[in-house]
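To keep things clear, I will list the structure first and then write my remarks on it.
The values are calculated or read from the model by the stated rules, or taken from the named source; none is laboratory data. Source: prediction; values computed, not measured. Remember, those area values only see protein heavy atoms, side chains included, never the ligands or the DNA or RNA. Shrake-Rupley method; radii C 1.70, N 1.55, O 1.52, S 1.80 Å.
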Amino acid sequence: MDTGLSPETLAKITDGLVRTPAGFHVHAKIVKLLEQRAEMGRGKRAIDYGFAELLAYGSLVLEGNPVRLTGQDTQRGTFNQRHAVLVDTQTEQEYLPLAHLAPDQSFCEVHNSSLSEAGCVGMNTGFRATIPKRWCSGKRNSGIS
């Protein structure tokens, strides 16, 4: 089984991960990170762990597999590596690029939870008990907008 991605697919995922909505104010340090990630996705810079992780999640949602992450500081990444959710510096509006890669992709959600195993398990258990079945088997374009 081939598990690799074509350069075209990597470019598509990269473009979605580094794109922000018009008028969205990204922190200057994150702007620099997005510029570096654009270079990583085009082979001009080595891919770091945080970006490799996002590329993997991006490939999953484009293939129709729902992705949902929860945990302490999951949106940003414990060691500041992920930055899956971007925050507008003026409005504090959140934006999840992984939820906006393609119109026909599966859904993706990334949530912070309390620092406890019970908090994360409880959140996931509640989600599974209430999730519509179509989200588990079908495609849905959702997320933070």
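Summary table
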read-out: Reference-scaled alpha-carbon Rg (2.2 N^0.38 Å with N residues) for region 1-109; value: 1.02
read-out: Accessible heavy-atom area order of ASP88, ASP15, highest first, probe of 1.4 Å; value: ASP15, ASP88
read-out: Ranking by accessible area, most exposed first, for GLU63, GLU109 with a 1.4 Å probe; value: GLU63, GLU109
read-out: Set of aspartates and glutamates near LYS12 by C-alpha distance (under 17 Å), chain-local residues within fewer than 8 positions excluded; value: GLU35, GLU39, GLU53, GLU63, ASP104
read-out: Candidate residues TYR95, TYR57, TYR49: accessible-area rank, largest first, probe 1.4 Å; value: TYR49, TYR57, TYR95
